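A quick write-up on the structure given underneath.
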Amino acid sequence: MLSSQECVLGALTTQEQEVIVRIAHCQAQEDLHTVWLELCMEYKPKAGIRFIRGAIAQMTNLWVPNKLKTKTHCEDWYRINVLSALWDGAFIYETSYDTIRSECKLSYQQYNDEANDRVDFIFRSKEDSSDWLFSEEKPASASHKECLKDVWKLERMREQTLSHWLKQCRGKEVLIEEFLEALAVQWHGTRATVYGTKVIFVERTIGPKPVFIHYVKARMEIPMRPYEGPGPFMSLGKCLAVALTLKREAMQQHNTFMLLKDAAITDEIQLNDINLTLKDAEETFRSTYCQSTVME
């Protein structure tokens with residue numbers, strides 16, 4: 001398993017980045033409350049700002065009675081009281097996608113009789129019922145062994161996801177290798193690890209063999225209490241930035257896949273032309289959002 005540098009990069013709008021940087025620079029809960037009040041005054045806020053506003057409100061609700069310090073909360077408690085606002089809320093406003101909960105199967109599993117794993121969260125396209133981000137969740141009381149089982153399961157499911165995409169885009173393997181990535185998140189209480197998987201092809205005499213590369217994209221932690229200083233507010237800002245960025249990366253992956261799939265079906269566009277089209281689409285996506293580092 002490879003580990004990437006720990007930083008949060010853009011797919012944030014300019015306004016989202018400005019607000020999240022302000023959150024990260026807060027020194028006390030009163031500073032965060034000031035940010036929240038200003039967001040509440042905004043007329044017709046964008047979806048990302050509504051998510052941030054709701055997340056701040058729920059974070060305050062959890063901090064006041066110190067609820068997050070309790071280690072005996074069950075999985076459903078975290079899902080209802082924590083993740084609903086600080087994770088699901090980033091995805092819920094997308095009209096072309098659904099969030100699926102819980103103990104649910106990925107859509108590719110209907111084509112694979114051996115794939116019986118279930119996950120707790122899926123970000124699914126309404127257009128073609130394809131899945132572009134999924135997660136598993138364990139309460140803080142779960143053992144390391146239990147969490148490790150989730151890590152292995154998510155790894156297996158990312159491989160199966162990429163294998164399914166390969167079957168749908170035969171002849172475009174070199175482009176899948178360059179442009180497509182399977183995404184998943186593993187939650188353990190208030191901590192989360194974001195994983196990615198890509199496929200590369202190793203040349204052999206009998207033909208290329210797909211090899212899956214797994215890596216850690218980011219780690220984040222929802223702060224349990226607002227002690228004095230920037231620590232918890234930096235953590236909160238990073239969580240919000242990661243959630244919004246992952247949502248948009250997942251949507252961009254879907255757009256890329258649709259371009260690949262259409263090209264595979266029509267077979268009218270040459271490989272180099274498709275490559276240029278995908279690079280243009282990726283550049284357009286990156287230029288739409290802030291690309292500077294939010295925080296390390």
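Listed here are the residues, each with its yes/no results for (1) modelled with pLDDT of 90 or more; (2) surrounded by 20 or more Cβ atoms within 10 Å (Cβ to Cβ); (3) more than 15 Å from Glu136 (Cβ to Cβ); (4) in contact with a Gly (Cβ under 6 Å, 6 or more places away or on another chain).
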position: Val151; (1), (2), (3), (4): yes, no, no, no
position: Met157; (1), (2), (3), (4): yes, yes, no, no
position: Arg170; (1), (2), (3), (4): no, no, yes, no
position: Ala182; (1), (2), (3), (4): yes, yes, no, no
position: Val202; (1), (2), (3), (4): no, no, yes, no
- [ ] Could you identify the single residue in Lys71, Lys44 that is part of a loop (DSSP other than H, G, I, E, B), touching a Ser or Thr at 6+ places or on another chain (Cβ under 6 Å) and surrounded by fewer than 18 Cβ atoms within 10 Å (Cβ to Cβ)?
- [x] Lys71
Open item on the list: So Leu83 passes all but one of these: (1) in contact (Cβ under 8 Å) with a residue 60 or more places away in the chain; (2) part of a helix (DSSP H, G or I); (3) more than 25 Å from Val194 (Cβ to Cβ). Which condition number does it fail?
Closed with: (3)
Task: Number of the exception - Leu86 against (1) over 25 Å from Leu62 (Cα atoms); (2) among the hydrophobic types (A, V, I, L, M, F, W, C); (3) surrounded by 17 or more Cβ atoms within 10 Å (Cβ to Cβ) - done: (1)
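Matching residues to (1) within 19 Å of the chain's Cα centre (by Cα); (2) farther than 30 Å from Glu283 by Cα; (3) part of a helix (DSSP H, G or I); (4) at pLDDT 95 or above:
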{"position": "Gly10", "(1), (2), (3), (4)": "yes, no, no, no"}
{"position": "Cys26", "(1), (2), (3), (4)": "no, yes, no, no"}
{"position": "Phe51", "(1), (2), (3), (4)": "yes, no, yes, yes"}
{"position": "Gly54", "(1), (2), (3), (4)": "yes, yes, yes, yes"}
{"position": "Leu62", "(1), (2), (3), (4)": "no, yes, yes, no"}
Task: Of all residues making up region 102-137, the number that are at pLDDT below 95 and charged (D, E, K, R) - done: 8
Open item on the list: Conditions first: (1) of a type in the set (A, V, I, L, M, F, W, C); (2) out of contact with any Pro (no Cβ under 8 Å at 6 or more places or on another chain); (3) closer than 24 Å to Arg248 by Cα. Ala24 passes all but one, so which condition is the exception?
Closed with: (2)
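Quick check on Tyr78: is it in contact with a Pro (Cβ under 8 Å, 6 or more places away or on another chain), crowded, with 17+ Cβ neighbours inside 10 Å and not small (Gly, Ala, Ser)?
Against the criterion (in contact with a Pro (Cβ under 8 Å, 6 or more places away or on another chain), crowded, with 17+ Cβ neighbours inside 10 Å and not small (Gly, Ala, Ser)), Tyr78 qualifies.
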Task: Test: residue in region 115-133 that is part of a helix (DSSP H, G or I), among the polar types (S, T, N, Q) and crowded, with 17+ Cβ neighbours inside 10 Å - done: no
Open item on the list: Looking at region 28-44, can you tell me whether even one residue there is among the polar types (S, T, N, Q) and without any contact (Cβ under 8 Å) to a residue 12 or more places away in the chain?
Closed with: yes
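The values are calculated or read from the model by the stated rules, or taken from the named source; none is laboratory data. From a predicted model like this one, the values you see are computed outputs, not experimental measurements. All Cβ positions, glycine included, derive from the backbone under ideal geometry; neighbour counts span all protein chains shown.
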